[in-house]
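Worksheet: one structure, shown below.
Just so it is clear, none of the values below were taken in a lab; they were calculated from the coordinates. The structure presented is a predicted model; accordingly, all values stated were derived computationally and were not measured. Cβ placement follows ideal geometry from the backbone for every residue including glycine, while neighbour counts extend to all protein chains displayed.
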Amino acid sequence: MSNTEATVATDFQAPESIVDGVVIGKVLGDNSPGAKVSMKDHWQYQKDHANLVSPLNRRKFRVMVVGTGLAGGAAAAALGELGYDVKVFTYHDAPRRAHSIAAQGGVNSARGKKVDNDGAYRHVKDTVKGGDYRCRENDCWRLAVESVRVIDHLNAIGAPFAREYGGTLATRSFGGVQVSRTYYTRGQTGQQLQLSTTSALQRQIGLGNVEIFTHNELVDIIVADGRCQGAIMRNLITGELKVHTAHAVILATGGYGNVYHMSTLAKNSNASAIMRAYDQGAYFASPSFIQFHPTGLPVNAHWQSKTILMSESLRNDARIWTPKKKGDERPANDIPEDERDYFLERRYPAFGNLVPRDVASRANSQQINAGYGVGPLKNSVYLDLRDAIERLGQPVIKERYSNLIQMYEEAIGEDPYKVPMRIAPTCHFTMGGLWSDFNQMTSIPGLFTGGEASWTYHGANRLGANSLLSGSVDGWFTLPFTIPNYLGPLLGTERLATMLRRLSRL
Ligand SMILES: Cc1cc2nc3c(=O)[nH]c(=O)nc-3n(C[C@H](O)[C@H](O)[C@H](O)COP(=O)(O)OP(=O)(O)OC[C@H]3O[C@@H](n4cnc5c(N)ncnc54)[C@H](O)[C@@H]3O)c2cc1C
């Protein structure tokens, strides 16, 4: 089935789309097994029926990977290990500088190691529900099923996950769920996953299976004969433009949250690569779906250039509140208990402070907009560790969140052990991105995408701790199966550069 074929007919009447091949109201074909097997078995069926490339033929295929974050770094390392001729590019000075390194709270996996009745079905359900029922469900099943292997794999390549006393990996809860499925390394999960993924990539570079190009920015992709066959890269040190051709190209170039001036993303994270693909005809899906994180640091002054994330994991122990009185100027600690409004616990008793991110962000904004905001600009709400410190003791809280608390203290100049933190919703994650089918191929054959650059698992609110997971699943356990499936039938097809060289000699 082609990517543009309609699978669902609706009565919806809408103006014509400006994008060739797209009819508004019709769902794009996703190249999944469809009705052949039940949704939860789509991925296994896809893998069982995918084309293979034999080990001796793999070196004949060149794969370009742009991006060295969790998605790109993992895809390059896995394809290098398999024996493909891999070139990996990043505009950073080193692969580990990718923005994934900034992630804090944790990575989901439905391994169900706790007796809290978690499992793949619940993970899928939470993901679909957290996505306002807009997610493509077979993608969510793939994510949940592969999440089990991802944790074991990341553990094996050196991610130092937090452990229980007996040595088993520890978990905690994130917003939008009633179980404990988030694996973590204190508040530095992204850093540790990025470092272990980069180590695996460096190993492949050392072995000569992967060639890396740092300080290289994608300027355009090359589409010839209806296939993506490479990209034009600019060396940011010398300014040199160079054409790189390949049999397949993966864009794992991260999200576009910096369209908002105040976002939690590193300032140099930009969407230039996916925009180049869009300019060449790749479909873009749901760009308006942007996640506002409830626990960002508030804007405190007009000269501030960005906001900083306080991990959602703090919502496990800290309670969110505002004064019950509008415009209350008293310091937080002077406001008595019965004059505090724990508005999330009041409005959503089943989930309390762990409601999904969009629900918490909306409730925080409503509270601020209604005049209950706190802080110098009255644009924040309190995130208070007081009760948790009383219940568990400061050493336990320190053990769980010390680096976050230190970060807050350095940014704001207040001690969260003594004074409640202040938080506000802030632009954090882009849920739209390059449209892709079930194989993570965009609407341009040969151009694949993964991680935050893609729209996969799209929803109005991606579940917390699913993003590190989706980058890792895409890179380690999806693209290494779907790229060979695409390449298999191309065996014997020359790379564009080889063909052009041969033609120039005629
Ligand atoms: C502060 C913060 C905390 C977070 N915490 C969590 C969390 O606890 N749990 C969770 O699941 N998710 C979290 N997330 C989200 C998660 O970190 C990201 O979605 C994920 O890491 C993105 O990974 P990626 O591989 O897609 O992209 P990135 O890590 O952003 O990597 C992009 C790569 O592409 C390269 N690149 C980009 N454009 C170009 C170009 N034009 N040319 C060449 N190279 C290019 C960059 O150099 C980089 O190597 C957090 C995000 C933020 C901002």
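Which pairs break 22 Å Cα to Cα here: Lys36/Lys60; Lys242/Lys306; Lys326/Lys398; Lys326/Lys378; Lys125/Lys398; Lys129/Lys306?
Over 22 Å apart, Cα to Cα: Lys36/Lys60; Lys242/Lys306; Lys326/Lys398; Lys125/Lys398; Lys129/Lys306.
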Please give the net charge around Leu79, taking every other residue with its beta carbon less than 11 angstrom from that of Leu79, where Lys and Arg add +1 and Asp and Glu add -1.
-> +1
Taking the Cβ-Cβ separation of Lys326 and Gln406 as r and a Förster radius of 45 Å, what is the calculated FRET efficiency to the nearest 0.05?
-> 0.85
Per-residue Cβ neighbour rank within 10 angstrom, fewest leading, Leu469, Leu309, Leu207, Leu447 | Leu207, Leu309, Leu447, Leu469
Stretch Ser17-Asn51 to full length: gain in nm at 0.36 nm per residue minus the Cα-Cα span?
-> 8.8 nm
Nearest 0.05, what FRET efficiency do Asn235 and Tyr165 give at R0 = 51 Å with Cβ-Cβ as r?
-> 0.50
Tell me, what is the FRET efficiency for Arg149 and Ala102 to the nearest 0.05, using R0 = 22 angstrom and their Cβ-Cβ distance as r?
-> 0.30
Gain on full stretching of the segment that runs from Ser288 to Leu392 - 0.36 nm per residue minus C-alpha separation | 33.3 nm
Calculate, in nm to one decimal, what Asp225 and Ala94 gain on full extension: separation in residues at 0.36 nm each, minus their alpha carbon distance.
-> 43.8 nm
May I ask what percent, to the nearest 5, of DSSP beta bridges between residues of the chain are antiparallel?
-> 65 percent
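Quick check: net charge around Gly254, other residues with Cβ under 12 Å of its Cβ, Lys/Arg +1 and Asp/Glu -1?
Values: positive: Arg97; negative: Glu452.
Spelling it out: positives minus negatives among the neighbours equals 0.
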How far apart, in nm, are the 7 Å Cα→Cβ label points at Tyr121 and Arg501?
-> 5.6 nm
Each residue of region 218-229 in order: what ³J(HN,Hα) in whole Hz does its phi give by Karplus 6.51 cos²θ - 1.76 cosθ + 1.60, θ = phi - 60°, with x for Gly and Pro?
-> 6, 9, 7, 9, 9, 10, 9, 6, x, 10, 6, 10
Cβ under 11 Å from Ile221's Cβ, Ile221 left aside: what net charge do those residues give with Lys, Arg +1 and Asp, Glu -1?
-> 0
Rounded, prolate or oblate: which one fits region 72-147, using the alpha carbon gyration tensor with axes a ≥ b ≥ c (rounded when a/c is under 1.5, else prolate when a/b beats b/c, else oblate)?
-> prolate
Ignoring chymotrypsin sites (Phe, Trp or Tyr not before Pro) buried by more than 10 other Cβ within 10 Å or outside DSSP loops, the longest site-free run in the chain is 304-506
